[in-house]
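The values are calculated or read from the model by the stated rules, or taken from the named source; none is laboratory data. Just so you know, these numbers come straight off a predicted model, no measurement behind them. Please note: Cβ atoms are built from the backbone with ideal geometry, for glycine as well, and neighbour counts cover all protein chains shown.
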């Protein structure tokens, strides 16, 4: 009985995965088609819109190389100093205590 429930549960999860994946692909297709119609561009131009050129990657790589080679090793050393902690009243238990009532005789 437990095995049947597990098979049904995983089967439904797999079915939901494919349904949502299919719906997502349809939404991407429809939005791309709407963008092509509204901007008047071709499908080949759509494929190249999000692709940065090789010059951009070369510039990024050169900047990273220059940033790492120009500095000494001293920049990678971290010195941790202990800071003296002052009294912090927000966590003090003394303020939560009440005064003991005075007994009148």
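Based on what the data block shows, is residue 25 at pLDDT 85 or above, part of a helix (DSSP H, G or I) and exposed (fewer than 10 other Cβ atoms within 10 Å of the Cβ)?
no
Would you confirm whether any residue within the range 51-66 is in a helix (DSSP H, G or I) and at pLDDT below 75? Quick ask: steps written out before the conclusion?
Initial filter on the range 51-66 (in a helix (DSSP H, G or I)): 54-66.
Applying the additional criterion that residues be at pLDDT below 75 yields none.
No, because not a single residue in the range 51-66 is in a helix (DSSP H, G or I) and at pLDDT below 75.
Identify the residue in the range 28-50 that is within 26 Å of the chain's Cα centre (by Cα) and in a loop (DSSP other than H, G, I, E, B) and, among all such residues, is modelled with the lowest pLDDT.
50
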